[in-house]
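Beneath this line is the structure, given in structure tokens, with notes to follow.
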Amino acid sequence: MLSTPIAASARQARRDRAVHAAAHGLLDRLDPPLAAFVDLAGIAESVHGLRSAWPSGLDVLHAFAAKANPLVPVLAQLREHGMGCEVSSPGELAQARAAGFAPGALVLDSPVKTLGELADALASGIAVNIDNFEELERVDRLITPDLPEPRVGVRLNPQVGLGAIEAMSTAGRTTKFGIALDDPGNRERLLDAYRARPWLRWVHVHVGSQGVPLELNAAGVAAAVGFAQEVNRQRPGQIVGIDVGGGLPVDFTSDTDSPTFADHVVALRRAAPALLDGTFRVVTEYGRAVMARNGFVASRVEYTKTSGGRRIALTHAGAQLVTRTAFAPDLWPLRVLAYDRDGLPSRTEPEVQDIGGPCCFAGDLLARERLLPRLSAGDLVVVPDTGAYSFSSPFHYNSLTPPPVYGFDVDGDGEVRFTVLRAAETVDDVVARSGGIPAGRD
Ligand SMILES: *Cc1c(COP(=O)(O)O)cnc(C)c1O
């Protein structure tokens, strides 16, 4: 598709503008000189790309998976662009409520819901997906005539197999999520469960995240659609909607989106045509593919040195922000971009370097043996594609303070305007969240 490279280069151009602007003031007012950035125009573009990829006549709610980026102002932007929100804990539900989502735009998928969590969601009119038969029995006691019309589904595990990253794959034979559709007796037990509960009118499936090929994802969705059709053959119209989960992967090695939302819809149409024929309402729960591209982290290089012949640049960005990459670099590659001290793409001679972070373990590296323009103290390193599952969910190791997150817009003249989306944590905040009393407070 022609539109994809154009969008990618526009995104790169906005990122370059923002890095350049941040290098003149903003970063150096911070101690340490480290910040995360969210491309607000990029969010609009991503949501537009998602919404236009799905057939326009279909009744579809695109519920952003909050865990991918639970910053309240980000969720509020997604809401303004017409998205709903999928939440999987009381904290995420509170974040989504703070971002202004109406109950009808919310879906609760917590893997281990308490009675209180279920009661709150049902009383509020939030859609709920049930994980197991015991949870379903608990819901029986909560469904009362005075409730808003319940939107309740059962999460099926279609057991279609694992993707490239086992920890991200949710449709293995023994995966912990949902009800295993192909286990002996389960299909009959599920059909009985739907027969006994006329209010049970949705089916949910989420085949996994990064590393799950589109065809595997679509095969899992097709199994859920097939099950819904089976229920409806017995009692026409009982299943009104299918929640297909998320899982569109992101190519972290380039700026170009592949696969795209449209590619996913093509795969779904091939594997499960009935999903798109208007019989069912649809909910999607994309997270990573909506936000990963729309965030980056920038840090000044504090020092450089050479150890055992290896050139090393030490920065303030590391495992506290890109935790998965630090612990499993082969599964979670990220690019690192070198900029000079003025925030312009670096033009120094490329050299093999390690880029180290601020945490006290040797694996805290943004990049190992990476060929990059030779970095010097004061230069900038930028980690793109960190808008999902990275700086938005910091790791508290070493009591490093999560950096501020700035949203940015670039106007027609190339002027960049920053707004604070999340203030930096202070060391007083760290003391307070560690059971202590910050100095100067009593
Ligand atoms: C994590 C998750 C998602 C989002 O997955 P992405 O790979 O970010 O699109 C959607 N639904 C459920 C139930 C999830 O656990």
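Where a number appears in this text, it was derived from the coordinates with a stated rule and is not lab data. As the structure is a computational prediction, the values presented were derived from the model and not from experiment. Cβ coordinates were reconstructed from backbone atoms using ideal geometry, including for glycine residues, and neighbour counts include every protein chain displayed.
Observations
- Given charges at Cβ of Lys, Arg, Asp, Glu: the chain dipole, positive-most of Ala76, Gln12, Ser52: Ser52
- Estimated from helices alone, the mean residue ellipticity of the chain at 222 nm is -8500 deg cm²/dmol (sum of -39500 (n - 2.57) over DSSP H runs with n ≥ 4, per residue).
- 3J(HN,Hα) couplings calculated from phi for segment 43-50 with the Karplus curve 6.51 cos²θ - 1.76 cosθ + 1.60 (θ = phi - 60°) are, in sequence order, 4, 4, 5, 5, 5, 4, x, 5 Hz; Gly and Pro show x.
- Cα-Cα P(r), segment 40-291, percent of pairs per 5 Å interval: 1, 6, 14, 19, 21, 18, 13, 6, 2, 0, 0
- Applying the Karplus relation 6.51 cos²θ - 1.76 cosθ + 1.60 with θ = phi - 60° to segment 344-354 yields 3J(HN,Hα) values of 9, x, 5, 10, 6, 4, x, 8, 6, 9, 9 Hz, where x marks Gly and Pro.
- Scanning residues 5 or more positions from Arg281 or on other chains, those with amide H under 5 Å from its amide H are Gly241, Ile242, with H placed 1.01 Å from N in the peptide plane.
- The chain: angle of helix 3-22 to the longest principal axis, Cα-based, in degrees nearest 10: 40
- In degrees, nearest ten, helix 115-124 long axis to first principal axis of the chain (Cα): 80
- Lysines whose Cα lies under 16 Å from that of Lys176, excluding same-chain neighbours fewer than 8 positions away: Lys113
- Excluding same-chain neighbours fewer than eight residues apart, the aspartates and glutamates reachable from Lys305 by a Cα-Cα span under 18 Å are Asp340, Glu349, Glu351, Asp354, Asp364, Glu369, Asp379.
- Inter-probe distance in nm under a simple model that places probes 7 Å from Cα toward Cβ, at Asp59 and Glu415: 4.7
- Under 5 Å, built H, 5+ apart or other chain: amide partners of Glu425: none
- Ignoring the sites themselves, the chain has its longest run without trypsin sites (Lys or Arg not before Pro) in a DSSP loop having at most 15 other Cβ atoms within 10 Å at 177-340.
- Bridge type composition, the chain - antiparallel percent by DSSP, nearest 5: 50
- Measuring nothing but alpha carbons in the chain and taking Rh as the Kirkwood radius, the Rg to Rh ratio lands at 1.00.
- Span from the segment 173-241 Cα centroid across to the segment 407-442 one, whole angstrom: 43
- A crude spin-label estimate for the pair Leu115 and Ile143, with each label 7 Å from Cα along the Cβ direction, gives 1.9 nm.
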